[in-house]
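Trainee: So that we are looking at the same thing, I have put the structure below in structure tokens.
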Ligand code: ADP
Ligand code: ADP
């Protein structure tokens, strides 16, 4: 079964359609990249999948129904500056919808945070404060906070969009490397076609609003 599905979804702002009749399925473990120009409705699509906005028409089938959960990473990491990296990642457990952390106790939570940092290759950053991180490191920490509670779906909204080109290439390679280990289905929103082709198992093109969502047949997995 899909971890999330949209059927004929439409969204309008003040009567102006932004998404019209969008169909999409996200399969377990896959990375679906959605690319499109600014204003095409990519963030709106992500907000519908994250339940941050209701669709005006069509059906939204989300993983919550199957017991999983959805987490989002935005372009800015939004880390708490007074907490260490570990403390920031632990927030991903503290704000769990079903409140697991407090019942399971602190030692257990700390172990789970350590495992997540390890899996993402950032264990060496555990005791730093956000002010001591580069932009690329801060986004890795934001991803760790999002995946520490093992969501069934991770939504990434231009996660590397604010990084300079070299840091960005580095972060893309990193995400490709850790994906297998995580095994979490991901939807990546980007305006960068090269990024979509490099990271996506499947790539969808969202045309200028309210344009169709069109899937590419076979994304190329090589970097030019
Ligand atoms: P609607 O009124 O069509 O249901 P929303 O409730 O989502 O749309 O609108 C939320 C608020 O965001 C509105 O007050 C709207 O004026 C404001 N807004 C307008 N233009 C934009 C924009 N380009 N990006 C984000 N918010 C906007
Ligand atoms: P993208 O992420 O592809 O740039 P968005 O989903 O952010 O596209 O926005 C699609 C269109 O809807 C844009 O024209 C934007 O200005 C408009 N828009 C986004 N949010 C709102 C809102 N809350 N209220 C009104 N208009 C909005």
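Trainee: Considering the convex hull of the alpha carbon atoms of the chain, report its projected area averaged over all viewing directions, in nm², one decimal.
Mentor: 12.5 nm²
Trainee: Enumerate the whole-percent occupancy of each 5 Å bin, from 0 to the last occupied one, for all C-alpha pair distances of the stretch 103-171.
Mentor: 3, 16, 24, 23, 19, 9, 4, 2, 0
Trainee: For residue 69 and residue 2 in the same chain, what is the full-extension length gain: residue separation times 0.36 nm, less their Cα-Cα distance, in nm?
Mentor: 22.8 nm
Trainee: At what distance in angstrom do the alpha carbon centres of the stretch 10-38 and the stretch 119-165 lie from each other?
Mentor: Centre-to-centre (Cα) distance: 25 Å.
Trainee: Return the percentage of antiparallel bridges among DSSP beta bridges fully within the chain, rounded to the nearest 5 %.
Mentor: Once the DSSP bridges in the chain are tallied, antiparallel ones form about 45 percent.
Trainee: Helix 85-94 sits at what angle to the longest principal axis of the chain, using alpha carbons and giving 0 to 90 degrees rounded to 10?
Mentor: Helix 85-94 and the main axis of the chain meet at about 60 degrees.
Trainee: Packing-wise, with mean Cβ within 10 Å as the measure, how do 189-195, 138-144 rank, highest first?
Mentor: 138-144, 189-195
Trainee: Set the Förster radius R0 to 45 Å, insert the Cβ-Cβ distance between residue 80 and residue 217 as r into 1/(1 + (r/R0)^6), and round the FRET efficiency to 0.05.
Mentor: 0.55
Trainee: To the nearest 10 degrees, how steep is helix 135-147 against the longest Cα principal axis of the chain, on a 0 to 90 scale?
Mentor: 90 degrees
Trainee: Please compute the length gained on full extension between residue 23 and residue 176, using 0.36 nm multiplied by the number of residues separating them and subtracting their Cα-Cα distance.
Mentor: Taking 0.36 nm per residue and subtracting the Cα distance, the gain is 52.5 nm.
Trainee: Shifting gears a bit: For the chain, take the longest principal axis of its alpha carbons; what is the angle in degrees between that and the long axis of helix 106-119, to the nearest 10 within 0 to 90?
Mentor: 60 degrees
Trainee: If you consider only alpha-carbon coordinates, what radius of gyration and Dmax does the stretch 113-224 have, in Å?
Mentor: Final numbers for Rg and Dmax: 14.9, 46 Å.
Values quoted throughout were computed directly from the atomic coordinates according to the rules given, and no laboratory measurement underlies them. Fair warning: this is a prediction, and the values are worked out from it, not measured in the lab. So basically every Cβ, Gly included, is an ideal-geometry build from the backbone, and we count neighbours across all protein chains shown.
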